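Below you'll find the structure, written out as structure tokens, and then a few comments.
The values are calculated or read from the model by the stated rules, or taken from the named source; none is laboratory data. Just so it is clear, the model here is predicted, and its values are computed rather than measured. Here the Cβ is made from the backbone with ideal geometry for all residues, glycine too, and neighbour counts use every protein chain on show.
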Amino acid sequence: MRILVVDDDRELLLMLQASLRKLGHQVDTAPDGASALARFRAAPHSIVVCDWQMPGMDGPALCRAIRADAGRAGGSRDAYVIMLTARSSPDAQVEGFHAGADDFLAKPFELADLTASIRAAELVLARPVRSKSA
């Protein structure tokens, strides 16, 4: 899978990039939401793993922008978004889901948990997109 990892913590970004590449994924990175959106628009990714709190455009704003782009492109499945956050309250999750996130991992997280979320994303993305009339 082609994965875009977005986090302003350079150390975490590099660790995730190396770990996901070892699992066989093509991984691109971005240090903030604005540069991530530019990279996504230039070359869409199947999965986006993004931090919630970043300077400038935060994770929820990035989700909304990705979803808006997909809506303009005819409503096809755009990307599976996994949000990384220290905000683990139910209200934060609801806010993230409203922004367009598909899954959440609370920081700190185990690599096995991220691997499981990515596998879930692969299964969802492998399903055919159903038309709204079906």
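If you go through segment 39-60 and pick out every residue that is surrounded by fewer than 16 Cβ atoms within 10 Å (Cβ to Cβ) and either at pLDDT 95 or above or not in a loop (DSSP other than H, G, I, E, B) (or both), you end up with 2.
In the set (1) under 23 Å from R127 (Cβ atoms); (2) not in a strand (DSSP E or B), the condition left unmet by R64 is number (1). In this structure, is V94 over 14 Å from the mean Cα position of the chain (by Cα), closer than 21 Å to I118 by Cα and either part of a loop (DSSP other than H, G, I, E, B) or not small (G, A, S) (or both)? Spelling it out, V94 is indeed over 14 Å from the mean Cα position of the chain (by Cα), closer than 21 Å to I118 by Cα and either part of a loop (DSSP other than H, G, I, E, B) or not small (G, A, S) (or both). Among residues of segment 104-118 that are farther than 18 Å from S89 by Cα, those with a beta-carbon under 9 Å from a residue that is among the polar types (S, T, N, Q) and not in a loop (DSSP other than H, G, I, E, B) at least six positions away or on a different chain give the pairs L111/S19; L114/S19; T115/S19. Among the numbered conditions (1) of a type outside the set (A, V, I, L, M); (2) surrounded by fewer than 21 Cβ atoms within 10 Å (Cβ to Cβ); (3) within 22 Å of L125 (Cβ to Cβ), the only one that P90 does not meet is (3). Examine segment 113-123 for a residue that is surrounded by 10 or more Cβ atoms within 10 Å (Cβ to Cβ), of a type outside the set (S, T, Y), in a helix (DSSP H, G or I) and modelled with pLDDT under 90, and state whether such a residue exists. No: zero hits.
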